[in-house]
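Report on one structure; see the data block that follows.
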Amino acid sequence: MKKEIENINEAPIGIFDSGLGGLSICKEIISTLPHESIVYLADSANTPYGEKSKQEIIDLSIKNTDLLLEIGCKAIVVACNTATTNAIEVLRDKYNVPFVGIEPATKPAALQTKSGKIGVLATKGTLNSDLFLSTSNQFRDELEIIEAEGENLVRLIEKGQLAATKPLLEKYLMPMIDQGVDNIVLGCTHYPFLIPIIKEIIPNDITIIDSGEAVAKQTQNVLEQEGLLNHRAKSGVNTFYTNNNLHVLQDFLNRIELTANNIAFREF
Ligand code: DGL
C-alpha cells in the first residue's frame, strides 16, 4: 500500500540502479542536497541490466519505481545509464512524479575536446539505445566517437573484484588511446569505482568525464521547479536496500564514505 506522507516536501528522493553503481550518484546528491532524505534500491539480483533486452530493462525499471513510490518517494532518480536510455520515456509516460535520468556525457566531452576524438565506455544496452544514438549522432559530423562496450565490468564490480577489471579495461581503453582521444566518457554509473585503475592505464592528459555532479544539480533544479525541496534544517535520512549481498553494499558504502542511517536486505 502506498505510504501517505503528510508533507510531500519531506518525502524522500527515490534512487535506483541495477546494483551498486548508482551509489556514486547518491553520494553527489547527498552532498548537493544534504537536507533531503533518500531511499536507494540496489537491484543487484538482476544485474547486469546492460545485457538485457529493452523490454526487460523497462520491466525492471517499472518494478523498482513501483517500490519507491510505495515507500512514498516524491521524485525518482534513475541512477543508471542503461535504464535511463532504455526506459525513462516509458516511466515518464506512466507515472505522475518527476524523473531525473543519467546518460553518457557526450555533450560536455564534445565541447571540451581539442583532438576532435572522444571515447565512450558504456554497456551494450546503453550504446545500442535510441536515446544514446540520437544524442551522439548530433556530434558525429564534428567529431569522432570511439565506443567500447564494458563487457563484464559490472559483473566484477558487483562481486567487489575491482582489481580483476584491469586487463579488461586495458582491452577496452587502449584502442581509444591509440586513436588519439583526449576525453573518455564513463557512460555507466558503476565505472567511477574504477577511476583509480583507469588512471593507471591512460595518459594523464586524457580527461575522464562522468555525470554524477550534473545529475545531482539536475535533481536540485527539478525539485526546485516542482516546489518539492525539503526546507527543514535537519540532515536527511539515508536508507539503502539491496536484494542481493548486504556485505558488498556495506563495503561499497564504506569505500565512498557514505553513511547509511538504515541498510537492509529486501526482496523486490
Ligand atoms: N549502472 C548501470 C549503468 O549506468 C549498469 C548497467 C548494468 O547493470 O549493466 O548503465
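Bear in mind that the values in this text are calculations on the coordinates, not laboratory data. Just so it is clear, the structure is predicted and the values come from calculations on it, not from any experiment. We place every Cβ from the backbone using ideal geometry, glycine too, and count neighbours over all the protein chains shown.
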> For helix 23-32, what angle does its Cα long axis make with the longest principal axis of the chain, in degrees from 0 to 90 and rounded to 10?
Replying inline: 60 degrees
>> Run the helix sum for the chain: -39,500 (n - 2.57) per DSSP H stretch of 4+ residues, divided by residue count, reported at 222 nm to the nearest 500 deg cm²/dmol.
In response: -12000 deg cm²/dmol
> Using the Cα gyration tensor of segment 39-167, with a ≥ b ≥ c the square roots of its eigenvalues, what is the shape: rounded (a/c below 1.5), prolate (a/b larger than b/c) or oblate (neither)?
Replying inline: oblate
>> With just the Cα atoms defining each centre, how far is segment 163-201 from segment 54-120? Give it in Å.
In response: 22 Å
>> When a/c reaches 1.5 or more, the comparison of a/b and b/c decides; with that in mind, is segment 123-186 rounded, prolate or oblate per its Cα gyration tensor?
In response: oblate
> What shape does segment 175-268 have by the C-alpha gyration tensor, where a ≥ b ≥ c are the square roots of the eigenvalues, rounded means a/c under 1.5, and otherwise prolate means a/b greater than b/c and oblate the rest?
Replying inline: oblate
> Taking the mean number of other Cβ atoms within 10 Å as a proxy for protection, how do you rank 108-114, 235-241 from highest to lowest?
Replying inline: 235-241, 108-114
> Peptides 246-254, 88-96: what's the order by average Cβ count within 10 Å, highest mean first?
Replying inline: 246-254, 88-96
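Counting other Cβ atoms within 10 Å, keep those with at most 16, restrict to DSSP loop, and tell me which trypsin sites (Lys or Arg not before Pro) in segment 1-75 are left. Numbers along the way, then the final one.
Values: sites: 2, 3, 27, 52, 54, 63, 74; in loops: 2, 3, 52, 74.
Taking segment 1-75 and a limit of 16 other Cβ atoms within 10 Å, the loop trypsin sites (Lys or Arg not before Pro) found are 2, 3.
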> Assuming R0 = 45 Å, what is the FRET efficiency of residue 35 and residue 115, from their Cβ-Cβ distance, to the nearest 0.05?
Replying inline: 0.60
> Which order do peptides 117-123, 207-213 fall in by mean Cβ count within 10 Å, highest first?
Replying inline: 117-123, 207-213
